[in-house]
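Here the structure comes first, spelled out in structure tokens, and everything after it is commentary.
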Amino acid sequence: MNRIADHEQYYDENFGKLLLSLSAFNGVEFEDCEFHDCHFSESTFKNCKFINCQFYRCNLSLLKIPQTRFFGVSFVECKLVGVDWTQANWPAFNIDHELKFRKCILNDGSFFGLTLNELVLDECKLHDVDFREGDFKHSSMTYCDFTHSLFMRTDLRRVDFTESTQYNIHVLENSVEGARFSRFEALHLLESLGVELVD
């Protein structure tokens, strides 16, 4: 498949090496589709649906997703810089959207205020990402780099941060009960309380 048309439905299709940067799509539905080595940077998907889809090595930086629905979608080795995930349609009746990112770059993105329980972030780079006011209970955020990312009034209960680094999470301003942290990196949590550590 090498083209995408507005208001069409695609089921169990494979899209490979599409060069569709700066494109605009409206009302397209994708179910059980795969995207390999596609370029959608600075494109817009409006009122679209991605259900049980996989993206591999795709460039989705500065993607705009107004009222687009994601469920059961995984991204592997993708570039997703500057994506505002708050634009998408996240129905309140579903708190686990089965969203997975593995070995992706998600710098300068925003998950502000979203409820995305059981979100999977594995070996991702997440510089300057906004997680404030969000609910990410039971998520897996392992082996990630959270340099300069923002956490404030964020629900991180029972989130697994094993082997993740560079996070700045104030334990009194976020919910972290039952969360897992690697022992050395967990020292940063004490620093947020003004505790001085000595050898």
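Tabulated data
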quantity: Cα centre as origin, Lys/Arg/Asp/Glu Cβ charges: the chain dipole, Debye; calculated: 260 debye
quantity: Label-point gap, in nm, between Glu42 and Lys103 - each point 7 angstrom along Cα→Cβ; calculated: 2.8 nm
quantity: In nm, spacing of pseudo-spin labels at Arg180 and Lys17 (7 Å Cα→C-beta vector); calculated: 4.1 nm
quantity: Most positive-pole-ward Cα, Asn89, Ser74, Gly16, against dipole of region 1-136 from beta carbon charges; calculated: Gly16
quantity: For region 92-172, average projected area of the Cα convex hull in nm²; calculated: 4.6 nm²
quantity: Highest-MSF residue in the chain out of Tyr11, Tyr167, Tyr56 [GNM, Cα springs under 10 Å]; calculated: Tyr11
quantity: Rough spin-label spacing in nm, given labels placed 7 Å along Cα→Cβ, for Ala5 and Glu77; calculated: 3.3 nm
quantity: Largest-first ellipsoid semi-axes for region 1-131, taking √(5λ) over the Cα gyration tensor eigenvalues, angstrom; calculated: 21, 17, 14
quantity: Fraction of accessible area attributable to carbon and sulfur, the chain (%, probe 1.4 Å); calculated: 46 percent
quantity: Surface per residue (accessible, 1.4 Å probe) for the chain, Å²; calculated: 50 Å²
quantity: Theoretical FRET efficiency, 1/(1+(r/R0)^6), r = Cβ-Cβ of Val198 and Glu133, R0 35 Å, to 0.05; calculated: 0.50
quantity: Lys17 accessible area, assembled protein chains, probe 1.4 Å, Å²; calculated: 150 Å²
quantity: When each of Lys100/Lys125; Lys103/Lys137; Lys64/Lys137 is checked by Cα-Cα distance, pairs over 23 Å; calculated: Lys64/Lys137
quantity: Ranking by accessible area, most exposed first, for Leu193, Leu20 with a 1.4 Å probe; calculated: Leu193, Leu20
quantity: Dipole magnitude of region 23-134, debye to nearest 20 (Cβ charges: Lys/Arg +1, Asp/Glu -1, about Cα centre); calculated: 180 debye
quantity: Region 47-199 - Rg over Rh from alpha carbon coordinates, Kirkwood radius; calculated: 0.98
quantity: Cα convex hull volume per residue for region 54-129 (Å³); calculated: 73 Å³
quantity: Selection from Val176, Met152, Asn47, by position along the positive dipole direction of the chain (Cβ); calculated: Asn47
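The values are calculated or read from the model by the stated rules, or taken from the named source; none is laboratory data. On a predicted model such as this, the values are computed, not experimentally measured, just so you know. Don't worry about glycine lacking a Cβ; one is built from the backbone with ideal geometry, like all the others, and counts go over all protein chains shown. When the accessible area is computed, the model is the full protein with side chains, heavy atoms only, and any ligands, DNA or RNA have been set aside. Shrake-Rupley method; radii C 1.70, N 1.55, O 1.52, S 1.80 Å.
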